[in-house]
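Note sheet for the following structure.
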Amino acid sequence: VVVKWSQPSNIYGTLVNYNVSLIPSLDAKKEQQRQSVKVAENTLSTTVGNLLPFTYYIIEVRAGAIRIADGSSLLLWSDPNTDEPPLSFTTKQSAPSRPVNLKVADVLSRSVYIKWGRPKNSNGIIQFYEAFLFQMNKQDVDGSLNSLQPTSAWKVTQRYRTKNNSTQVDIKALSPYTQYRVTVKAVNVMDGVELVSKSSQRITFKTNDEDPAAPSSCAIDQRNATMVYVTWQPPLPLDYQVAYYDVTYGFQREAETYSIKVYVYDHRLQVNYLLGSHLC
């Protein structure tokens with residue numbers, strides 16, 4: 001801020017400088033942030049920096065003069081300026097500091113609940129928060145959450161803007177058994193311009209697994225009397241990695257039925273040890 005003043009009408013002694021003080025008001029914790037600047041006697045304005053954003057300040061200007069008394073020189077300060085009401089102003093808003101204490105809770109297969117704390121310094125009136133959800137490309141997942149580093153492999157898949165300054169959000173439409181990363185930013189708005197904080201800490205989590213849908217389009221191609229070729233299509237939507245398929249087949253022999261489970265890692269299977277005439 002630039003502060004200007006006029007020379008005092010009465011000076012008792014020799015004017016040597018001015019002292020300009022900017023005092024944060026209405027907040028005792030900010031009193032320690034008082035800013036004072038000494039200015040030469042031939043200067044009637046100064047610029048004061050390092051102020052707190054979105055803070056109400058009262059300005060005081062005092063004149064300093066040296067008076068000789070009994071052979072000694074004394075530096076005396078005038079009373080502060082007598083403006084009524086006191087000269088004051090409020091600094092403009094700036095971006096908030098980053099949100100704190102981000103936590104992930106209630107992790108399900110397709111949703112997650114996150115919450116966080118307000119920034120230490122709002123630096124204005126926080127209008128909303130934005131939560132960013134990142135997903136790691138499947139080919140880059142090594143299975144260890146601790147080894148994940150912020151690289152280009154992470155991409156933003158969802159972006160949530162909270163309402164009424166809420167410090168929590170439910171994120172939905174996730175994929176089961178998938179690694180995600182989440183971070184939050186706080187946003188002030190001044191003259192239509194968004195003032196965005198730095199990101200909170202990042203938290204990586206993995207959604208729960210769930211039962212897959214049933215495979216489809218099952219078909220059997222009987223190659224000969226003792227072999228068939230079985231095919232099927234993977235379950236849809238395939239937004240998780242299938243660990244294996246459980247293929248159950250049996251054959252009838254008189255009144256008895258036998259079943260054998262086969263674990264395969266593809267959606268086709270050649271069965272070549274059946275008893276031909278008893279295939280069912």
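For region 28-48, state whether one or more residues are more than 30 Å from residue 204 (Cα to Cα), modelled with pLDDT of 85 or more, open to solvent by less than 30 Å² (accessible area, probe 1.4 Å) and in a strand (DSSP E or B). Checked region 28-48: at least one residue is more than 30 Å from residue 204 (Cα to Cα), modelled with pLDDT of 85 or more, open to solvent by less than 30 Å² (accessible area, probe 1.4 Å) and in a strand (DSSP E or B). Can residue 78 be described as open to solvent by 30 Å² or more (accessible area, probe 1.4 Å) and closer than 26 Å to residue 24 by Cα? In short, yes. Filtered by the rule that a residue be in contact (Cβ under 8 Å) with a residue 12 or more places away in the chain, touching a strand residue (DSSP E or B) at 6+ places or on another chain (Cβ under 8 Å) and among the small types (Gly, Ala, Ser), region 98-119 gives 111, 117.
Looking only at region 202-237, filter to residues that are under 30 Å from residue 116 (Cβ atoms) and not in a loop (DSSP other than H, G, I, E, B); which one of those is most open to solvent (accessible area, probe 1.4 Å)? Going through the qualifying residues, I end up with 206. For region 163-198, filtering for residues that are surrounded by 15 or more Cβ atoms within 10 Å (Cβ to Cβ), modelled with pLDDT of 95 or more and in a loop (DSSP other than H, G, I, E, B) leaves 2. Within region 58-75, the set of residues being crowded, with 17+ Cβ neighbours inside 10 Å and free of Cβ contacts under 8 Å to residues at least 40 places away in the same chain comprises just one member, 58. Only one entry of 90, 14, 43, 55 meets the criterion of being without any contact (Cβ under 8 Å) to a residue 40 or more places away in the chain and farther than 23 Å from residue 190 by Cβ, and that entry is 43. For residues in region 81-99 being under 30 Å from residue 5 (Cα atoms) and charged (D, E, K, R), which is surrounded by the fewest Cβ atoms within 10 Å (Cβ to Cβ)? Out of the qualifying residues, it is 84.
The values are calculated or read from the model by the stated rules, or taken from the named source; none is laboratory data. The shown structure was predicted, so the numbers you read here are calculated from the model rather than taken from an experiment. All Cβ positions, even for glycine, are placed from backbone atoms using ideal geometry, and neighbour counts span all protein chains on display. Ligands, DNA and RNA are stripped out before the accessible areas are found, and what is left, the full protein with its side chains, is counted by its heavy atoms. Shrake-Rupley method; radii C 1.70, N 1.55, O 1.52, S 1.80 Å.
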